Amino acid sequence: MVAKSAVSATHANWLDSFQAAYASPGNVKALKCPNCGRRALQLRFVTYSAGAIEGHGVVWCDACLTGLAGGPCTIPAGGVAVDHDEADIPRFHIVPPPSRPIVSSN
């Protein structure tokens, strides 16, 4: 079960955080969570083959377990790629686009 947390950040706020993290993956720990304000963001690129240059970007906060499950993208230099079978991404509250209901990751 996903921990309940108050969600104040919008999908647009999370997209901004993803873009900042994507632009500087080595600096993710310095970025503040748009939801709780803590410096606990994580960024991973889930891949389906060894040595992949593309993956699905995922950003979340380890403190409030809220985040964004982004779509496919090129893995930037310094980005952490993880195999989908060994991703070790926690179940977190996904902030949906404005017109969609809130769901949790599996």
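A few points about this structure:
- Filtering the range 20-34 to residues that are within 15 Å of G57 (Cα to Cα), touching a residue at least 12 places away in the same chain (Cβ under 8 Å) and of a type in the set (A, V, I, L, M) leaves A21, A23, V28.
- Only one of R39, R44, R91 that is free of Cβ contacts under 8 Å to residues at least 24 places away in the same chain and basic (K, R): R39
- Residue ID - nearest to V80 (Cα to Cα), chosen from residues in the range 8-46 that are assigned to a loop (DSSP other than H, G, I, E, B) and among the small types (G, A, S): S24
- Failed condition for G67, given (1) in contact with a helix residue (DSSP H, G or I) (Cβ under 7 Å, 6 or more places away or on another chain); (2) without any contact (Cβ under 8 Å) to a residue 40 or more places away in the chain: (2)
Coordinate-derived values only; no laboratory data. Please read these numbers as outputs of a predicted model, since none were measured by experiment. In this analysis, Cβ positions are derived from the backbone assuming ideal geometry, glycine residues included, and neighbour counts consider all displayed protein chains.
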